[in-house]
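Working notes, beginning with the structure itself.
The values are calculated or read from the model by the stated rules, or taken from the named source; none is laboratory data. Computed from a prediction, not measured in an experiment: that's the story for all the values here. Please note: Cβ atoms are built from the backbone with ideal geometry, for glycine as well, and neighbour counts cover all protein chains shown.
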Amino acid sequence: MKKILIIGATSAIAREVAKIYVLQGARLCLAGRDEKKLHIVADDLTARGAQAVQVLTVELTDPATHGDMIKQAEDFLQGLDCVLIAYGSLPDQHACEADAGQTLKELNTNFISVVALLTRLANDMEQRGHGVLAVISSVAGDRGRQSNYIYGAAKGGLSIFLQGLRNRLASKGVHVLTVKPGFVDTPMTVDFNKGLLWVSAETVAQGIVKAMDKKRDVVYLPWFWRGIMLIIKSIPERMFKKMKL
């Protein structure tokens, strides 16, 4: 029976991942900041047949809470096989441009706090000699664009951190997966116009679980975003800075 900790468990993608693991008979610990929403998710999973689900209410952007959360999860699960980190925010780019404080807040949510959490988890898993760490980054981190470079900078930094962490832990029995979704139809993107490149949270969740099971290093979801980003990254800077992207 797999022992899974999902951090940021009220996000649309995380909920879909949890549903898949319920079907596999996994024990689940759900962590997040909104207690009411966490219990709604837990009740839904129990109705779907979950055998063991724990809820942990945590202010994830505060690193001081991370140690206690991990300990509680390990105690409940009686170990820890896989962790999915799925929390984050989608900044208002213009608000960040106007206010350095807002920029720092978003960088803390999407990068600094995640790095702090990963540092604890990595050390813990390294001591046990096994485990999978999966983290949702974004294709936005592959190249800075004027429309969302605050978010892109956070996700780009996170992807580089994960690359180094993966390299460090490769010989220790711990696998690190970087998940790079493209456009996903979730409550966080409700105000965006949807087109052909958009997919459901369920589709992305299926890709995440498959990549975790196969111990992939980096996965673009859906797969075609790897090609799209390869093209975008290949555009010379002198041309790219003139484009309205």
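Conditions tested, residue by residue: (1) β-branched (V, I, T); (2) closer than 23 Å to I208 by Cα.
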| position | (1), (2) |
| --- | --- |
| V22 | yes, yes |
| A42 | no, yes |
| L56 | no, yes |
| L60 | no, yes |
| C82 | no, yes |
| I85 | yes, yes |
| K105 | no, no |
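When D68 is tested against (1) surrounded by 21 or more Cβ atoms within 10 Å (Cβ to Cβ); (2) assigned to a helix (DSSP H, G or I), just one condition goes unmet, and that condition is (1).
Every listed requirement among (1) touching a helix residue (DSSP H, G or I) at 6+ places or on another chain (Cβ under 6 Å); (2) small (G, A, S); (3) free of Cβ contacts under 8 Å to residues at least 40 places away in the same chain is met by A100 save one, (1). Counting residues in the stretch 167-178 that are farther than 29 Å from E97 by Cβ, modelled with pLDDT under 95 and either of a type outside the set (G, A, S) or assigned to a helix (DSSP H, G or I) (or both) gives zero. Within the stretch 1-15, being part of a helix (DSSP H, G or I) and surrounded by 21 or more Cβ atoms within 10 Å (Cβ to Cβ) holds for I13, A14, R15.
Applying the set (1) within 19 Å of the chain's Cα centre (by Cα); (2) crowded, with 20+ Cβ neighbours inside 10 Å; (3) farther than 17 Å from F111 by Cβ to A50 leaves exactly one unmet item: (1). Checked across the stretch 17-30, the condition of being surrounded by fewer than 21 Cβ atoms within 10 Å (Cβ to Cβ), farther than 21 Å from I70 by Cβ and among the charged types (D, E, K, R) holds for at least one residue. Out of P63, P91, one residue alone is out of contact with any Lys or Arg (no Cβ under 6 Å at 6 or more places or on another chain), surrounded by 14 or more Cβ atoms within 10 Å (Cβ to Cβ) and either without any contact (Cβ under 8 Å) to a residue 12 or more places away in the chain or within 27 Å of T203 (Cα to Cα) (or both). It is P91. Scanning the stretch 16-49 for residues that are farther than 21 Å from G207 by Cα, part of a loop (DSSP other than H, G, I, E, B) and in contact with a helix residue (DSSP H, G or I) (Cβ under 8 Å, 6 or more places away or on another chain) turns up just one, G49. Do you know which of the residues in the stretch 231-245 that are part of a loop (DSSP other than H, G, I, E, B) and either at pLDDT 95 or above or basic (K, R) (or both) is surrounded by the most Cβ atoms within 10 Å (Cβ to Cβ)? Among those that are part of a loop (DSSP other than H, G, I, E, B) and either at pLDDT 95 or above or basic (K, R) (or both), it is I235.
Do we have G156 as touching a strand residue (DSSP E or B) at 6+ places or on another chain (Cβ under 9 Å) and either in contact (Cβ under 8 Å) with a residue 40 or more places away in the chain or surrounded by 15 or more Cβ atoms within 10 Å (Cβ to Cβ) (or both) here? It would help to see each step written out before you state the result.
Details: touching a strand residue (DSSP E or B) at 6+ places or on another chain (Cβ under 9 Å): no; either in contact (Cβ under 8 Å) with a residue 40 or more places away in the chain or surrounded by 15 or more Cβ atoms within 10 Å (Cβ to Cβ) (or both): yes.
Considered against the rule, which asks whether it is touching a strand residue (DSSP E or B) at 6+ places or on another chain (Cβ under 9 Å) and either in contact (Cβ under 8 Å) with a residue 40 or more places away in the chain or surrounded by 15 or more Cβ atoms within 10 Å (Cβ to Cβ) (or both), G156 comes out as no.
Among (1) surrounded by 20 or more Cβ atoms within 10 Å (Cβ to Cβ); (2) of a type in the set (D, E); (3) touching a residue at least 60 places away in the same chain (Cβ under 8 Å), there is one condition D81 misses while meeting the rest; what is its number? Going through the list (1) surrounded by 20 or more Cβ atoms within 10 Å (Cβ to Cβ); (2) of a type in the set (D, E); (3) touching a residue at least 60 places away in the same chain (Cβ under 8 Å), D81 breaks only (1). Listed by first and then second residue, the pairs linking a residue in the stretch 110-135 that is in contact (Cβ under 8 Å) with a residue 60 or more places away in the chain to a residue that is part of a helix (DSSP H, G or I) and surrounded by fewer than 20 Cβ atoms within 10 Å (Cβ to Cβ), with Cβ atoms under 6 Å apart and 6 or more places separating them unless they lie on different chains, form an empty list. Just one of the listed residues (D191, D217, D185) is within 23 Å of L118 (Cα to Cα) and not β-branched (V, I, T), namely D217.
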